[in-house]
Amino acid sequence: MVTFSFVLVACGGDEGNTTNDSQSDSGYSQATWRFVTEELEGQVQYEYAEEFAERIKEKTDGAITVEPYEYDGGLGSESDQVELLQNGGVQMAVMSPGFTGGMVKEGQMFALQFLFPDSVEKTQEILTNSEALNEDLRKRYEEFNISPLAFWTEGAMQWTSSTPIEEPGDFENFKMRTQDSPLILESYKAYGADPTPMSWSELYIALDNGTVQGQENPIFFIGDASFHEVQDYMTLSNHNNYVAMTTVNTDWYEGLGQDEQQLIDETVEEMQSWVFEEQKRENDEFLEQIKNDTKHSTEIIELTEEQRQAFKDLAVPVRDFYREEVSTVNGKILDKLVKEIEEAQE
C-alpha cells in the first residue's frame, strides 16, 4: 500500500485528528470524515459518497466535511481498503461483501446466484428492511470493527464474454473473472467454469489479452469501465444483484456523540431511495450507450425464462455448500433471509 494510505492509518485512529472542539452555529463540532469507495467518479458508489457528503455539509452548515475517495489504487486494493477502515485510517467506506468474504464468512451469501427476486426494486426493498442483514449480519461484521449501516443494490448483474453464454454448457472450461470469495468460485464451478479471482483494476487488460474470457457486473460498470470494448457478447442474465454496503469503523462510530450518530443514521436511511434511482439511471443510460456503440459492436443476448431456469437449477444447490462449508452458523442467517425474500414476494 502506498505511503498515503499509511498516513491515513497513522492519523485515523486518533479522533482528535478529525474532530476539534470548536462548534459551528449548527451545534456540530468541526470534523472531517474520510469516505472511501471501490469505484470511480461518475460511478454509483462514488456518486453515493458525494451525495452523502453534500447532505452532511448542508445539515451541519459546513461544520462536518465528508471527503469522498474514488478507487484509483492509491489506497491499495479493495481488500486493502477494508483493512484501512478496520484500522481507523478512514471513517467510512462503501464496500461490497465479496471483498470481505474471507473475513466475514456469512457475507458470502450475496454471491449466491438467483437468490434475490428478478425485480431490482423488490430486491432494494428487501435489502433495506431485512432483519437478517441489518441486524444479524451486521453483528458478524462488527466482530471485525466494521458496522454496515445499510445494504443496497447497484443493479442486476450481467455477463460479458468473448464467446456467447446462453446455457450452462457455455461455461465449460471458461475462464471467468470473479471476486476473491470462495462461494463465488463455487458458484461458477457449478456451471463448469474456471473461476479466476482478480481485482477489477487489472480486468480490462486481462479481458483484452485473453487471460480471462468473461466477467460479471452491473451494466453501468460494464459500460463505464469499457469492458464491452474487449468483449463480443453481453448476456442479460440478471443472475444476481451487485450489493454494496455503507459501512463505518465501529469504534469510531460508537465514539461519536448521539447527535452525530443520529445524523449519520438518518442520512444513510434517506440515501436508500436516492441510490436506487441513481443506479437505475446509470444502468439504463449505459445499456443504451452499449447498444448504440457503432465503434465497438457487442451482441446483447437476452435469456428466456427457460434458459435462466437452467442456470438456476445448478445455482440453487450451491446454497447447501454455503450452509455446510462456509457459514459459521449453519446457514441460519441465509435461511432467515430466504424466508424474508419469500414473504416479500407473496
* **Sole exception among (1) part of a helix (DSSP H, G or I); (2) farther than 19 Å from residue 107 by Cβ; (3) touching a residue at least 24 places away in the same chain (Cβ under 8 Å) for residue 319, by number** => (2)
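From the list 150, 156, 244, exactly one residue is closer than 29 Å to residue 277 by Cα, within 19 Å of the chain's Cα centre (by Cα) and open to solvent by 10 Å² or more (accessible area, probe 1.4 Å). Which is it?
Going through 150, 156, 244 in turn, just one is closer than 29 Å to residue 277 by Cα, within 19 Å of the chain's Cα centre (by Cα) and open to solvent by 10 Å² or more (accessible area, probe 1.4 Å): 156.
Every residue in segment 294-316 that is part of a loop (DSSP other than H, G, I, E, B) and either modelled with pLDDT of 95 or more or open to solvent by less than 60 Å² (accessible area, probe 1.4 Å) (or both), please.
Result: 296, 298, 303, 316.
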* **Filtered residue count, segment 43-80, keeping only those that are more than 23 Å from residue 285 (Cα to Cα), touching a residue at least 40 places away in the same chain (Cβ under 8 Å), outside any loop (DSSP other than H, G, I, E, B) and open to solvent by 10 Å² or more (accessible area, probe 1.4 Å)** => 4
* To do: Scan segment 326-342 for residues that are outside any loop (DSSP other than H, G, I, E, B) and surrounded by 13 or more Cβ atoms within 10 Å (Cβ to Cβ) and report the count.
  => 10
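State whether the residues of segment 203-221 include one that is of a type in the set (D, E, K, R), at pLDDT below 95 and surrounded by fewer than 21 Cβ atoms within 10 Å (Cβ to Cβ).
Checking segment 203-221: not a single residue is of a type in the set (D, E, K, R), at pLDDT below 95 and surrounded by fewer than 21 Cβ atoms within 10 Å (Cβ to Cβ).
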* Asked: Does at least one position in segment 90-99 carry a residue that is within 17 Å of residue 140 (Cβ to Cβ) and modelled with pLDDT of 95 or more?
  -> yes
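Listed here are the residues, each with its yes/no results for (1) under 19 Å from residue 68 (Cα atoms); (2) open to solvent by less than 30 Å² (accessible area, probe 1.4 Å); (3) of a type in the set (Val, Ile, Thr); (4) free of Cβ contacts under 8 Å to residues at least 40 places away in the same chain.
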| site | (1), (2), (3), (4) |
| --- | --- |
| 240 | no, yes, no, no |
| 248 | yes, yes, yes, no |
| 267 | yes, yes, yes, no |
| 272 | yes, yes, no, no |
| 277 | no, no, no, yes |
| 289 | no, no, no, no |
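Residue 164: under 27 Å from residue 330 (Cβ atoms) and in contact with a strand residue (DSSP E or B) (Cβ under 9 Å, 6 or more places away or on another chain), yes or no?
Numbers: under 27 Å from residue 330 (Cβ atoms): no; in contact with a strand residue (DSSP E or B) (Cβ under 9 Å, 6 or more places away or on another chain): yes.
When the stated conditions are applied, residue 164 does not pass them.
State which residue is farthest from residue 278 (Cα to Cα) when the search covers only segment 120-147 and only residues that are in a loop (DSSP other than H, G, I, E, B) and open to solvent by less than 40 Å² (accessible area, probe 1.4 Å).
145
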* Asked: Among the candidates 128, 178, which residue alone is among the β-branched types (Val, Ile, Thr), in contact (Cβ under 8 Å) with a residue 24 or more places away in the chain and under 23 Å from residue 204 (Cα atoms)?
  -> 178
* Asked: Which one of 83, 166 is in a helix (DSSP H, G or I), out of contact with any Pro (no Cβ under 8 Å at 6 or more places or on another chain) and open to solvent by 20 Å² or more (accessible area, probe 1.4 Å)?
  -> 83
* Asked: Quick check, is residue 94 outside any loop (DSSP other than H, G, I, E, B), open to solvent by less than 10 Å² (accessible area, probe 1.4 Å) and among the aliphatic types (A, V, I, L, M)?
  -> yes
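The values are calculated or read from the model by the stated rules, or taken from the named source; none is laboratory data. Quick caveat, the model's predicted, so the values are computed rather than measured. Glycine gets a Cβ as well: all are built from the backbone with ideal geometry, and neighbour counts include every protein chain shown. Side chains are part of the model used for accessible areas, which takes the heavy atoms of the whole protein and leaves out ligands, DNA and RNA. Shrake-Rupley method; radii C 1.70, N 1.55, O 1.52, S 1.80 Å.
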